[in-house]
Every structure is written in C-alpha cells, then in structure tokens.
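Worksheet: the structure to be examined is printed underneath.
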Amino acid sequence: MRQQSNASAPAGESLLDTASGIAALRADTPGCESIIHFNNAGCGLVARPALAAMTDHLRLEADIGGYEASAAREVQVRDFYASIADLLGTGPDNIAFAGSATHAYTKALSAIDFRAGDVILTTRNDFISNQIAFLAVRKRFGVEIVHAPDHPDGSGVDVDAMAALMRSRRPRLVAATHVPTNSGLVQPVGEIGRHCRELGLLYLVDACQSVGQYAIDVDEIGCDLLTATCRKFLRGPRGSGFLYVSDRVLREGYEPLFIDMYGARWVEPDTYRPVDSAARFEEWEFPYATLLGCATAVRYALRVGLEPISRRTPALAARLRDRLADIPGIRLLDRGPAPAALVTFEVEGWQPQPFKTALDTRGVNSALSFREFAQYDFGDKDVDWCLRLSPHYYNTEDEVDTVAAAVAELAEHGRRTR
C-alpha cells in the first residue's frame with residue numbers, strides 16, 4: 001500500500017507557518033523520532049512518501065520483472081523530469097538523471113572540447129571534487145585554472161574582479177559553486193551569470209547545497225549547465241542527482257565524451273546521432289526505484305514550498321550561530337551577509353573525530369570538514385578542521401537550543417582538559 005503523506009496545508013498557507021504544519025512534516029519523517037538530524041548538508045532525512053515510492057517499485061520489480069515494472073511506471077518516471085523542471089524553472093527535456101552530483105558534473109565537463117591553453121575560470125570556494133576534476137583536466141589537456149579572488153568584505157567571490165578576468169582571459173568555461181560544502185557562504189551566482197551572458201561564455205554551476213534549500217531559477221542564474229544531488233536538502237535517496245542542460249548547449253551540439261545507446265542513435269555503421277534532449281547525458285540503465293523516490297521527494301519539497309523553506313531553513317541556522325557565538329572556545333567560520341544553513345565552527349581543545357563521536361552519543365547527527373576539502377578557504381581561515389551542523393525546515397527551535405547546549409557542554413569539557 002502506498003504511504004500517504006500526513007502533511008497538507010490550506011490553500012495559500014505554508015506548512016511551515018504553523019506549529020501543527022511542522023509537526024505534520026516531522027510525522028512524515030521517521031528519523032525525527034530517534035535523532036536530531038543536523039546533517040542535512042550530507043543527507044536529508046527521507047520522508048515517508050519518498051520511501052514508499054521506492055519500496056513499492058522494488059516490490060513491483062520483484063513481482064513482475066524489472067523491465068516490465070519500469071514500463072508500468074512510465075508516467076511516474078516521466079514525472080522525474082517534469083518535477084525537476086518545475087523546481088528549476090525549465091523544461092523536462094533540459095533535465096538528465098545522474099547517479100550523483102559529481103557524476104552529473106563530470107559528464108558536463110566531458111562534453112567540453114578542452115584544448116591546451118584553454119582557461120577554466122572558477123572561484124576559491126568550489127567543491128573539492130570539482131577542483132580535483134579541474135586539476136585532472138589540466139593534467140590531461142594542458143588547460144589553465146584561474147581562481148578569481150574573494151571580495152575583501154567576505155561576501156564571496158569578487159564579481160567585478162571575476163568579470164575582468166572573463167574579459168581579459170576569455171575562459172573556455174566559467175564555473176562556480178553556489179553554496180560550498182565547507183561553509184555557509186552563498187556565492188552570487190546570478191551576478192556571475194549576468195557577465196557570462198554578456199560575454200557569451202559557457203557557465204557551469206554546482207547547486208548541490210542550494211537546491212532544496214532555496215528557490216532556484218536557471219534563467220535568473222544564467223547558467224548553461226547546473227548540477228545537484230537529490231539526497232541533501234531535497235531529502236531524496238542516495239545515489240541520485242541531475243544535470244540541467246540549457247537549450248544553447250543542446251543546440252550547439254555538446255555531448256558527453258562517452259555516449260551510449262540511450263543518449264544517441266546508431267544511424268549508420270560508422271555514424272551516430274545524439275538525441276535532441278538532455279537524455280544524451282544519460283545511460284540506458286537506471287535505478288528506477290531511486291528515480292521514483294527522487295520525483296516524489298521533489299514534489300514533496302514543491303508542496304511544502306521553496307520560498308517558505310528558504311526562509312525557515314537559514315533562519316534555524318542563524319539561531320544556531322547566535323547560540324554558538326556566545327560559547328567560549330567556539331570560533332564560527334561562516335562568512336557572507338546571509339549565510340545558508342551550513343553552520344561551521346572550530347572547537348578549542350578537541351580533536352575532530354572524538355568531538356563528533358561525543359555529539360553522536362548525544363543523539364545529534366553532524367559532519368566533519370577538513371583542510372583537504374577546502375584548501376583555499378581553510379587556509380585563509382587558518383583552520384585544519386571544523387564541525388558542520390546543517391538544520392532543515394523539519395527541525396525545531398528546541399532542537400537548535402538542545403544542540404547548542406550540547407556543544408557548550410563539550411566545549412567546556414575541552415577547555416578544562418587542555
């Protein structure tokens with residue numbers, strides 16, 4: 001039997017506007033019964049409807065066969081593309097499923113015909129896997145990687161300086177991460193996109209930590225390619241992500257380096273033709289249960305409302321920062337005028353894993369970040385590791401205060417035992 005959602009709100013009202021609405025969302029989230037989950041930047045807690053969509057399909061595969069099950073769920077499979085399109089303000093043909101955000105990102109990179117001397121222009125706060133991918137492209141093709149400087153006020157990349165580099169270096173690719181995984185910084189990706197459009201430059205955005213936390217419109221950002229995962233603030237299953245591909249990229253014939261029978265047609269013995277849609281970036285084999293879970297998770301987020309989510313989630317993080325700021329031995333690391341719901345801090349007197357383990361034993365989920373995840377950012381901040389706490393809309397103010405109290409207790413213990 002398909003699991004029905006407990007969460008619904010009157011027309012014109014958000015579930016996040018009332019205590020009863022938040023209680024309904026928590027009732028839809030089994031994990032809320034046993035833990036305080038402040039690791040949504042790692043994986044959000046899956047809601048019951050998404051879990052049901054996956055388990056229902058696995059049962060159907062067991063009952064009638066995998067090929068037959070996907071055929072029977074054709075309408076729901078198509079809704080994955082429609083739901084992501086609704087999420088991003090685009091069309092279904094511009095969306096490709098991927099096994100992860102990194103899978104989507106490397107597929108996108110592989111479509112660019114890099115040559116020796118080409119420039120990749122990026123920031124000092126791109127995600128570690130993206131930075132490693134750029135280095136791999138440099139190693140293989142001889143491209144140059146240029147990092148635009150940060151603005152002195154700590155608001156993220158200096159857009160004017162980056163635009164000047166666009167004009168002087170004419171990069172083959174401009175790339176930015178909307179919200180880096182190692183802090184709550186929100187990069188001005190729309191301002192970057194405006195300059196890319198004016199100069200006709202190819203623009204790739206990593207929205208892994210912002211999709212599901214903020215309302216995202218690819219036209220407003222002005223990107224040609226955008227990647228994200230479903231497992232974080234969208235609360236979908238692991239092993240899932242997607243790639244947005246603009247009409248311009250499709251029209252100009254970009255295609256991944258390795259393309260299979262799903263993304264292309266073998267029209268002559270020595271000729272293939274890519275399909276017209278973003279499906280050229282997909283493979284024939286799909287984890288259909290995962291895909292259906294993603295579609296359900298996206299529809300769930302859309303029903304809750306991205307605008308209310310974008311207000312509540314960062315507000316919970318701001319409350320947490322305010323509580324942590326008063327604790328001796330804690331150094332907050334997030335920068336920017338309006339940080340996202342990734343709260344990062346250094347703890348005096350503790351080593352990373354023991355501190356996280358101590359929070360684990362108190363029923364609080366968290367994550368660690370290390371200098372190797374963010375060589376530029378952590379170098380600038382002179383920090384080797386930090387703890388990351390990332391609440392989401394289904395968390396409560398009481399949970400924020402409980403977590404802050406636990407951190408205060410542990411920080412006091414660390415100072416006493418130094």
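The values are calculated or read from the model by the stated rules, or taken from the named source; none is laboratory data. Nothing here was measured: the structure is a model prediction, and the numbers come from that model. Because the Cβ atoms are built from the backbone with ideal geometry, glycine has one as well, and the counts that use them run over all protein chains shown. Heavy atoms of the whole protein, side chains included, go into the accessibility calculation; ligands, DNA and RNA do not. Shrake-Rupley method; radii C 1.70, N 1.55, O 1.52, S 1.80 Å.
Once a ≥ b ≥ c are taken as the square roots of the eigenvalues of the Cα gyration tensor of the range 42-196, is the result rounded (a/c under 1.5), prolate (a/b larger than b/c) or oblate (a/b not larger than b/c)? Here the range 42-196 falls in the prolate category. Taking only protein heavy atoms and a 1.4 Å probe, the accessible area of the range 130-190 is 53% carbon and sulfur. Between the beta carbons of residue 412 and residue 267, assuming R0 = 56 Å, the FRET efficiency works out to 0.20 to the nearest 0.05.
Counting each DSSP H run of 4 or more residues in the chain as -39500 (n - 2.57), what helix-only mean residue ellipticity at 222 nm follows after dividing by all residues, to the nearest 500 deg cm²/dmol? Spell out each step's value before the answer.
Working: 15 runs with 177 residues, N = 418.
My calculation for the chain gives -13000 deg cm²/dmol from helical runs alone.
Over the chain, accessible surface divided per residue gives 42 Å², non-protein components excluded, 1.4 Å probe.
Packing, as the average of other Cβ atoms within 10 Å across residues, places the peptides 316-326, 347-357, 221-231 in the order 221-231, 316-326, 347-357, highest first.
Only protein heavy atoms count here; on that basis, with a 1.4 Å probe, residue 58 has an accessible area of about 100 Å².
Working ranking of peptides 188-195, 294-301 by packing, defined as the average number of other Cβ atoms within 10 Å per residue, highest first, is 294-301, 188-195. Charge tally around residue 245: other residues with Cβ under 13 Å, Lys/Arg +1 each, Asp/Glu -1 each, net -3. Over all orientations, the range 228-282 has a Cα convex hull whose mean projected area works out to 4.7 square nanometres.
The eigenvalues of the Cα gyration tensor, multiplied by 5 and square-rooted, give the range 2-109 an equivalent ellipsoid with semi-axes of 27, 20, 17 Å from largest to smallest. When only Cα pairs below 8 angstrom with a gap of at least 6 residues are kept, the chain shows a relative contact order of 21 percent.
I'd like the trypsin sites (Lys or Arg not before Pro) in the range 106-155 restricted to DSSP loop residues with at most 13 other Cβ atoms within 10 Å, sorted by number.
Details: sites: 107, 115, 124, 138, 139, 140; in loops: 115, 124.
Those that pass, being in a loop and sparsely packed, are 115.
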